[in-house]
Structures are given as structure tokens and as C-alpha cells.
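Participant: Quick one: the structure is below, questions incoming.
The values are calculated or read from the model by the stated rules, or taken from the named source; none is laboratory data. Everything quoted here is computed from the prediction, not taken from an experiment. Virtual Cβ from ideal backbone geometry, glycine too; neighbours counted across all protein chains shown.
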Amino acid sequence: MANWSSSMKWHDHIRIAVKAAEDFGLDRSLIEMLRSSVILPDRKKQKYERHHTGKDPETMLLIWNARNAVLRGDRSAAALELGQALHYIHDKSVHVGSQHSHDSIEQEISSLDFPQNAIENGRKRGVCSYRCAERCVSHTTPKDDAASALWEATEHSRMLIAAVFGDAHVSDVSFNRMRKHKWLYLLVAACLSVTSLIVLPIILITLARWPGFPSVLLGVVSAIVVVKPLQKYIDLRLECKWVAAGSEAQPKLF
Ligand SMILES: [Zn+2]
């Protein structure tokens, strides 16, 4: 049986993960852990299961697990989790077309030279932050040519290793500022919701004597208005967690 449900050959999953990890400077034992965990999803999956699409939440969960493991000092567990996330990123880079085109891309990737420039790009772009990890996952898109797929898988692997294993370089001052801003955005979102959902209808009803005002429409407008500060709050909250969760030195926030 042709193993066509796998989006990339094991050899390629491994060479990308190992090269990216070596470039980052991970310890040998962690590289060995990545080498085995990057093919784990194909070993675990059911026959014919296709897992190259719709895996973003699972991928992000694995990345969070990896980051939390780093923060509690268990780098080996982190490599086990991250390797599996890298697998999904690699698979997602490959276009899911007909079985024929899929097979030929898979074949061609194996014949390509390793894109060292993609490693260098990933080294420049990868930073230890939630935002970097999240963007790597959400911006990984299926490519319909082998060279682009290999490039993306490689660059994003290098970035994700830095996002998870890198040093956060957050001073106490900027960490406190980040925490303050987080609450500020939540406050703005709350004020905007109260204004548009309660205060505005009351004004309209009393002043314009317009009880029939379409409150559903107002609800929609309100949701659009508050979404930005709320998203900012969530991002900052997650960024704080990325830096501090489980760390003894930093205050526990959530
Ligand atoms: Zn796979």
C-alpha cells in the first residue's frame, strides 16, 4: 500500500527538523528526541487518516505544551511535543491535490537540495514569543510546487524552534508594561460594549423616541467595535503566559 496519506516522506520530516535544530544549537539529546517525535504523528495515525489539513488547533496545543515544558525545565518533553507540531507544519506546507500531484510533490521534495537560505531566514525571523509561534502556524499555507513547500516547512521549523526554545529577553519593566496594557485593552473593550449595548440604545430611545431601534444591528456593530481591543487583550494575555507561565521567578498571572 502506498503511504500516500503522509504528506511528506519521513526522511524529509527528519532532515528539516534536524537541520533547523542544529542551526539553533539545540543539545544532541534534544535533536535525537526531535528526530523521533517529528515522525510520531504518522506512526500513531489510523490507516488512511489524512492529517495535513485542519490541524491548527492541535498544532498550537502541542506548541503550548512544548513551551510550558521549557518553562518548567523539561526540555526533553518540549522536544517530544514540538517535533509533532513540526510534523503538522511540514504536512500543511504541501498542497493537497489529486493523489497523483500529491505523490509527485512528495517525490520531488526528496530530490531537492536542502534550502539553507530558508534556515537563515528562519533564524532572522524567529523570536521567542507567542505571536511568532501563532503566525508560523496560521501563515503556513499549502504550496503546489515542491521547492516552495520545502522552503516554507524549513523556514517555519527554524522559527518555531526559536519561539519555543529561545530566551524571552523580557525585562521586568517591559513585562509589567505588557501586563498593564493587557488590562487596559480589556477595560476599553468593556467600556465600548457597555456604551454601544446599553447607553446608546437608552439615548436613542429617550431622545429620538425610537423604541423600534434594531438592537440586533447595534449588537453586530458593537461586536465589530470591541473585537480589536479584545483581541489585543487576548494576545497580550497569551504573550504574558508565554514568558511567565510556570516560572518561579515571575508572578503567576492566570
Ligand atoms: Zn503526516
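Participant: If you scan the stretch 12-46, which residues turn out to be within 16 Å of the ligand (Cβ to nearest atom) and either aliphatic (A, V, I, L, M) or outside any helix (DSSP H, G or I) (or both)?
Facilitator: Ile14, Ile16, Ala17, Leu34, Val38, Ile39, Leu40, Lys45, Gln46
Participant: In this structure, is Ile119 closer than 30 Å to Ser29 by Cα and within 16 Å of the ligand (Cβ to nearest atom)? Spell out how you get there, then give the answer.
Facilitator: Details: closer than 30 Å to Ser29 by Cα: yes; within 16 Å of the ligand (Cβ to nearest atom): no.
It is false that Ile119 is closer than 30 Å to Ser29 by Cα and within 16 Å of the ligand (Cβ to nearest atom).
Participant: All but one of (1) at pLDDT below 90; (2) out of contact with any Phe, Trp or Tyr (no Cβ under 9 Å at 6 or more places or on another chain) hold for Tyr88, so report the exception by its number.
Facilitator: With respect to (1) at pLDDT below 90; (2) out of contact with any Phe, Trp or Tyr (no Cβ under 9 Å at 6 or more places or on another chain), Tyr88 is out only on (1).
Participant: May I pose another question? Test of understanding: among Ser157, Ser148, which residue is within 24 Å of Lys44 (Cβ to Cβ) and small (Gly, Ala, Ser)?
Facilitator: Unique residue meeting the criteria: Ser157.
Participant: Let me ask another. Within the stretch 73-81, does at least one residue satisfy the condition of being modelled with pLDDT under 95 and within 22 Å of the chain's Cα centre (by Cα)?
Facilitator: Yes, the stretch 73-81 contains at least one residue that is modelled with pLDDT under 95 and within 22 Å of the chain's Cα centre (by Cα).
Participant: Go through Val220, Val188, Val194 for me and flag whichever is farther than 30 Å from Met33 by Cα, surrounded by 14 or more Cβ atoms within 10 Å (Cβ to Cβ) and not assigned by TED's automatic domain parsing to the domain that holds Phe24. Quick ask: steps written out before the conclusion?
Facilitator: Numbers: Val220 fails: surrounded by 14 or more Cβ atoms within 10 Å (Cβ to Cβ); Val194 fails: surrounded by 14 or more Cβ atoms within 10 Å (Cβ to Cβ).
The match here is Val188.
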